[in-house]
Structures are given as C-alpha cells and as structure tokens.
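The values are calculated or read from the model by the stated rules, or taken from the named source; none is laboratory data. Predicted model, so just to flag it, every value in this text is computed and none were measured. Methodologically, a virtual Cβ is constructed for each residue, glycine included, from the backbone with ideal geometry; neighbour enumeration extends over all protein chains shown.
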Amino acid sequence: MKAMILAAGRGQRMRPLTDHTPKPMLLAGGKPLIVWHLERLARAGFREVVINTAHLGNQISAALQTGADWGLNIRYSPEQDGALETAGGIATAQPWDAPEDPFLLLNGDIFSDWDLAEAWQIAASKRLGLGHLVLVNNPDHHPGGDFGLQPDGLVGPLGSTPVSLTFSGQSILRGTLFHATRPNQRAALAPLLQSAIREGQIAGSHHCGHWVDVGTPDRLAALDHTLLRGRPWLP
C-alpha cells in the first residue's frame, strides 16, 4: 500500500510564516511537520510515498529529496499553487497501482500519534468499502464536528448520531472513490466523501489520543512548545 501526503496548500491562515516557507516545512519540536509524518510512515512499514506540492514546493522536494534518509521512496506530484484542491490533487497523483487499491492519505498540516500500522489492518479488512476515516474529538476551534460514527462502524453525516466527531485528516481510501475525477481537474474531496457516506461506503474509527490541526501560528507555537518541553507524547 502506498501513502500520500497532501502538501500543496497555500497556508493562508499561517501567514506570514508561509510567505517564504511551505506549511509542511514549518518547524515543530525541531523538525518540519512533514518529517514527523515520514518518520511515522517508515516505522509503520510504508515504503512508497507520494507528495503533492504547489506553493514553494521546490523547498519540499529539495529538503526531502528521494526519501532515502527515512528508508522511503518519495514521488512528487507538482501542481500550480494548489489549484487542484484535494480530490483533484489525489486524482492527478494517483497513489495506487490499480484503482481498487487502498492508500493511506495524510494531511500535511496535522500532528498525531495515531499508529499508522493500523492502516494495514484496515486496508486488509473485507469490510473496507470506499474508505475509512480516522475521527477525533472536536477541538475547541471546531466544536461542531464533521461526522457521526454509528455503532456499526459506518460514518454518518453530521447530526446522524448524538455525538459528532472531527475528521483528523488521516484516512484509508480506494482509488475508485475518484473514478469520476479526471487528472488535473479541480475538485474537492468533501463532496466525494459525503456521497460515499450516503451510500454506506465509508467506515470510521475514533482515535482518542493526541491530535493537532496545525492551522494557525498560535497552534503551531503551542505544539512546538509541547514537543520541546520534553515530548510527553510522540506519534
């Protein structure tokens, strides 16, 4: 199974930090956010990684190069300033050998201790439909949540369950989810997920460990402080 890291976003909310540095290359705990992902992937047994890039993407490829430093093989999928959005970027990068193959998808601007080795078990499950979302408790900056998680393990739309949860930006998806999205076509991921959820094709799990959406300078600074203070938790 291959993994893909989404790293093409402009990072508007992180300005001015992202005026000269791509968001995944911002430092937390002494290393770029994306390097934490690469270390997690290597420990979990992944070897093939695809990274889509846009804004200042040459900095990412120059720093990570082939991925050999982590025992990985990195392939880059460049875009023009993130114009393709998430689904368009995935359909263009095609992080699969055959469309029905599952792949691990990670947002480049999160930090989490979810064990990526679980992705292998999820991908091998006969219950995997079009995808599996890792959900977390709603953070203070997103109290309304994104989805419900039903007792049978299927993800439901917001309001379908008494308790809502937030999508962590970590998922296992099948390439067939993007069958109608052409390469280099601008397309968002949310409508595809919502359609598949209505069809009962998206499962989920609730991760109760640590997770940070590093979406603002303040949250980045707080994460950096936590890690440098002694790293009480690690991905």
ask   = From Ala187, Ala203, Ala221, which residue is closer than 24 Å to Lys23 by Cβ, modelled with pLDDT of 90 or more and surrounded by 14 or more Cβ atoms within 10 Å (Cβ to Cβ)?
value = Ala187
request  = Look at Arg174 and say whether it is in contact (Cβ under 8 Å) with a residue 40 or more places away in the chain, in contact with a Phe, Trp or Tyr (Cβ under 9 Å, 6 or more places away or on another chain) and of a type in the set (D, E, K, R).
outcome  = yes
request  = Filter region 65-85 down to the residues that are touching a Leu at 6+ places or on another chain (Cβ under 7 Å) and among the aliphatic types (A, V, I, L, M), then identify the one that is surrounded by the fewest Cβ atoms within 10 Å (Cβ to Cβ).
outcome  = Leu72
Whichever residue in region 1-32 is touching a residue at least 12 places away in the same chain (Cβ under 8 Å) and assigned to a helix (DSSP H, G or I) and, among such residues, is surrounded by the fewest Cβ atoms within 10 Å (Cβ to Cβ) = Arg13
query = Arg43: surrounded by fewer than 18 Cβ atoms within 10 Å (Cβ to Cβ), at pLDDT 95 or above and within 22 Å of Ile90 (Cα to Cα), yes or no?
reply = no
task = Would you please list the contacts, defined by Cβ atoms under 9 Å and residues six or more apart or on different chains, that run from a residue in region 140-153 that is within 27 Å of Arg219 (Cα to Cα) and without any contact (Cβ under 8 Å) to a residue 60 or more places away in the chain to a residue that is hydrophobic (A, V, I, L, M, F, W, C) and assigned to a loop (DSSP other than H, G, I, E, B)?
result = Gly144/Leu158; Gly145/Leu158; Gly145/Val163; Asp146/Leu158; Phe147/Leu158; Gly148/Leu158; Gly148/Val163; Leu149/Val163
remark   = Gly71 fails exactly one of (1) closer than 22 Å to Asp218 by Cβ; (2) out of contact with any strand residue (DSSP E or B) (no Cβ under 9 Å at 6 or more places or on another chain), namely (1)
task = Please go through region 158-191 and pick out each residue that is assigned to a strand (DSSP E or B) and either out of contact with any strand residue (DSSP E or B) (no Cβ under 7 Å at 6 or more places or on another chain) or not β-branched (Val, Ile, Thr) (or both).
result = Ser164, Leu165, Phe167, Ser168, Gly169, Gln170, Ser171, Leu173, Arg174
remark   = Scanning region 33-53 for residues that are without any contact (Cβ under 8 Å) to a residue 40 or more places away in the chain and not hydrophobic (A, V, I, L, M, F, W, C) gives Arg47
ask   = Which members of region 205-224 meet the condition of being part of a helix (DSSP H, G or I) and either charged (D, E, K, R) or closer than 11 Å to Ile110 by Cα (or both)?
value = Asp218, Arg219, Leu220, Leu223, Asp224
ask   = Do you know which residues across region 46-98 are part of a loop (DSSP other than H, G, I, E, B) and of a type in the set (A, V, I, L, M, F, W, C)?
value = Phe46, Ala54, Leu56, Leu72, Ala83, Leu84, Trp96, Ala98
Members of region 33-45 found to be aliphatic (A, V, I, L, M) and in a helix (DSSP H, G or I), listed by number = Leu33, Ile34, Val35, Leu38, Leu41, Ala42
